[in-house]
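The values are calculated or read from the model by the stated rules, or taken from the named source; none is laboratory data. Not measured: the values here are computed from a predicted model. Cβ placement follows ideal geometry from the backbone for every residue including glycine, while neighbour counts extend to all protein chains displayed.
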Amino acid sequence: MAEAAAVGAHEHHHGPQGILKYIWSTDHKIIAMQYLFTGMFMAVIGGFMAYVFRMQLAFPGLPVPGYGVVSPGEYNALVTNHGTIMIFWVAMPVLIAAFGNFLIPLMIGADDMVFPRINRLSYQVFLISAILILVSLFVEGGGFGGAWTAYPPLSSVSDYNLTKLGSSIWLVAVALEFVAFLLGGINFIVTLMNARAPGMKAYDIPVVVWMIVIASILFMLSVGPLIAGAVMLLFDQTLGTGFYDPTRGGDPILWQHLFWFFGHPEVYVVLLPALGITAEIITTFSRKKLFGYKIVIFTAVATGVLSFFVWAHHQFIAGIDPRMANIFTVTTLLISVPIAELCFVYIATLYGGSIRLTTPMLWALAFIGEFLIGGVTGIFLGASGADIYFHDTYFVLAHFHYTFFPIAIIGTFAAFTYWFPKMFGKMMNDTLGKIHFWGTIIPFNFIFIPLFVLGLGGQHRRIYNYQNFPELAEMQPLRVLATGALIVMLVFQFVFFWNMFKSWRSGEKAGKNPWKANTLEWTTDSPPPHGNWPADDMPKVYRGPYEYSVPGRDDDYWPQNIPG
Amino acid sequence: MWVVALALVALALLPEPGFACPVCFDPNDEHRQAFLATAIFMTVLPLGMVGGVGIWLRKRLRRLDDEEAPPEPPANDPS
Amino acid sequence: MSTDAAVMQFEVRPEPGPGKKLLPDGVMGMVIFVFTEVMLFAGLISAHTIVRSRAAGEMWPPYGQPRLPLEETAINTAALLLSAVVIFFAQRAFRRGVGSARWTFLASIVLGIFFVASQGMEWAALLGEGLTMQSSAYGGFFYLIVGTHALHAVAAMLGMVWAWLRMSKGTLTQSQFSTVQVFWYFVVLVWPVLYWKVYL
Ligand code: HEM
Ligand SMILES: [Cu+2]
């Protein structure tokens, strides 16, 4: 029986066998795993970089255990590549590519993406880009050190950045990464449009799928100008053109224009999937219908639209016209409204539910709480007057870590612990999960609250050693505190890896639907077979995804595929 | 909606130029305007494209629905 | 509210039929890709506009740089636009299964190749006159923007030749044809804008 089904599912596609099956597969689940584990690997590297440069800031000049003495150039390369890697090689591949690939076909009841081979190509391009960015660290002159925003002329003139090869490879790697996500994004959007299970209408699609697809659309629409800018920058670096060179008729501010046009939508590209993940988890573990499903979707769309109107808030002191800055202040304040609204919607969903504080639920709740701090401090920065003081201080740095950390780390852990049973067929250990949770969340706040204080005290970003600034040197204890907390947090990550490994080897069997959730991915085996469901028994959809605790039903959940 | 629009217009028009302000004027005003114009252009273009396709797809969906099924009773929305 | 009534709140849906597609997968994917491409060109044009505005009051093209050949390019532009019209008729014929679709399609390909080839000759001439990517921001943008478009045109030509070969073998599907066609429309329609911004 099972064999027959497997044969049916395999009919349409004969993949390679053996180990090649895993690196040359077009199965969306395997590609998701590839993205996931590449992303985790890059996260470890990014985390190690953070450890090294935080140690330098806390104990300037002393050799860092496991690395050695950090030179100023290395320091710059480390912070630059930490930022680049965490955004483009961790947040995007894990949140969008890995979970998008894993969840979209499973949640909409499709057997795979509509373009499986493009999907595979997407990962391969991504892998090359990841290898390139790592290579760029070791070439002659060292890795690029001109900040993840790569403003010219520092990035375009090798006499200034002193990393001729490193900066070009860095740029090529980033550009390739965009290509990978373009290919992936097309796939996500078309799959959602064309491959939904029979009966799944627009408002029966799980929120996380909507969010990932809206994020992909945002990405596709905003990345073009940056690619244009990146090509120009690459030509400036390698061909000797003068697009960003004012002495030759070019314009350095132009880069900021093109970069931030992408840069701000990009932050919502990573935010929306994380918001979607929390929506799934919160409804499952409070056994309640999502409060205002349509409101959530429309709010996400509105956020997407607004996110195209705010990007100049990164340039308030770049010499832009203050009248233009005013307009962008207003739009920046406006965009916090839909975000706040979503947080309220989630809290309203929790209200009166029967809440189960499992590990994924803890992560989801922590996401809301911590992200709020990031959003609120964004409002300070959005006021163009206040930003004259805050710009490029640690206040900005703490702001965006309070947004990105919840998104990329907390959101990922939430999703990972929630879907782990589906991905690997085993339950994770809840006690270890909770130890890891608290061991991450508490140090996280101890890292970045001090950085807010330092930023308010006037501590500028991207400085190798603050001892040379008398009025900043005094605040050294705060820096040591932040570094210490970081080390504690990193140490607790071993608990996670141990838990993951142990659960995978010898965890309790998960069964199809361990959380008693409604969405379609829980109706197939864990882990799902190739083709996701038996080809002759694909799911059909009869209702929306959040019918929990429906009065008059014996079960407190009502899977989407059960008729009547 | 109107309040927002009004506020936007007011904020754009009310601030007086400060003469100590180094970035309020550009000897080359065309340059300042070019930034503004391209900002508007790049923002409106994607939204216009997606909006247009969205509307077109909705229409097409309606048409496909009409062709196939007899008109359904309006779905009562549980939320 | 009685329990029964609460359950009745939920619409009871009829057994769902097979899902339907708004557009074939390939066409849909291509449309989305074209959006990204439009934004790429929007970025290039914006960059050009901004850099050009810096030179306001000065000469554009800068002193000592060759003029761009307006008339020859106008003829190329006409050929390109004609090609889009021709492919439109090719598609109609192909949909009706008319045998001549192949030749109409070929005509549109030939027009496209004519465009690419004569643009290439124009580049060779301009390089000879001393307009290079490094010679000025003007030259840089010319080669950047027109070159990006040329790359797209070449890619489109390859796609169309592939489609034509399949059409000859009789294995080309309607949606494959439309996918290629959408991309060609994009390449054609973005060109007049570039002509206007870069040449005029
Ligand atoms: C509630 C909405 C938000 C507001 C109002 C807001 C506002 C701002 C402002 C005004 C700045 C510029 C500060 C400066 O450079 O002086 C900024 C920087 C930044 N924000 Fe936000 N933000 C918000 C949400 C987010 C989210 C969701 C993310 C990430 C996912 C994010 C990531 C960043 C990053 C990375 C930077 C710094 C970029 C850099 O200069 O390196 N922000 N934010
Ligand atoms: Cu921003």
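When A:Gly224 is tested against the conditions (1) part of a helix (DSSP H, G or I); (2) out of contact with any Ser or Thr (no Cβ under 7 Å at 6 or more places or on another chain), the lone failure is (2).
Of the residues contained in the stretch B:29-38, one or more are found to be among the hydrophobic types (A, V, I, L, M, F, W, C) and more than 10 Å from chain C (Cβ to nearest Cβ).
If you take the residues in the stretch A:239-271 that are away from ligand 1 (no atom under 14 Å from the Cβ) and polar (S, T, N, Q), which one is nearest to the chain's Cα centre (by Cα)? Steps first, please.
Keep residues of the stretch A:239-271 that are away from ligand 1 (no atom under 14 Å from the Cβ), which gives A:239-254, A:257-258.
Now narrow it down to the ones that are polar (S, T, N, Q): A:241, A:247.
Values: A:Thr241: 34, A:Thr247: 39 Å.
For the stretch A:239-271, the residue satisfying everything is A:Thr241.
Only one entry in B:Pro73, B:Pro78 is modelled with pLDDT under 85, within 10 Å of chain C (Cβ to nearest Cβ), part of a loop (DSSP other than H, G, I, E, B) and surrounded by 12 or more Cβ atoms within 10 Å (Cβ to Cβ), namely B:Pro78.
State yes or no: is A:Asp525 in contact (Cβ under 8 Å) with a residue 40 or more places away in the chain and either hydroxyl-bearing (Ser, Thr, Tyr) or away from chain C (no Cβ under 11 Å) (or both)? Show your work before the answer.
Details: in contact (Cβ under 8 Å) with a residue 40 or more places away in the chain: yes; either hydroxyl-bearing (Ser, Thr, Tyr) or away from chain C (no Cβ under 11 Å) (or both): yes.
Yes; evaluated as a whole, the condition is true for this residue.
Quick check, is A:Ile317 touching a Ser or Thr at 6+ places or on another chain (Cβ under 6 Å) and either more than 14 Å from chain B (Cβ to nearest Cβ) or within 16 Å of ligand 2 (Cβ to nearest atom) (or both)? No; evaluated as a whole, the condition is false for this residue. Please verify whether the stretch C:109-128 includes one or more residues that are within 30 Å of A:Gly250 (Cα to Cα), small (Gly, Ala, Ser) and within 14 Å of another protein chain (Cβ to nearest Cβ). No - not one qualifying residue is present in the stretch C:109-128. The set of residues in the stretch A:71-125 being within 16 Å of ligand 1 (Cβ to nearest atom), under 30 Å from A:Lys512 (Cβ atoms) and of a type in the set (Val, Ile, Thr) consists of A:Val94, A:Ile96.
So which residues in the stretch A:284-302 are within 13 Å of chain B (Cβ to nearest Cβ) and not small (Gly, Ala, Ser)? Spell out the reasoning first.
Keep residues of the stretch A:284-302 that are within 13 Å of chain B (Cβ to nearest Cβ), which gives A:288-298, A:301-302.
Correct list: A:Lys288, A:Lys289, A:Leu290, A:Phe291, A:Tyr293, A:Lys294, A:Ile295, A:Val296, A:Ile297, A:Phe298, A:Val301.
For the stretch A:174-221, a residue qualifies if it is facing chain C (nearest Cβ under 10 Å) and not in a helix (DSSP H, G or I), and the qualifying residues are A:Ala195, A:Arg196, A:Ala197, A:Pro198, A:Gly199, A:Met200, A:Lys201.
Each residue in the stretch A:132-153 was checked for being surrounded by 18 or more Cβ atoms within 10 Å (Cβ to Cβ) and touching a Gly at 6+ places or on another chain (Cβ under 7 Å), and 7 pass.
Only a single item in (1) within 14 Å of ligand 1 (Cβ to nearest atom); (2) in contact with a Phe, Trp or Tyr (Cβ under 9 Å, 6 or more places away or on another chain); (3) assigned to a helix (DSSP H, G or I) is not met by A:Phe309, and it is number (3).
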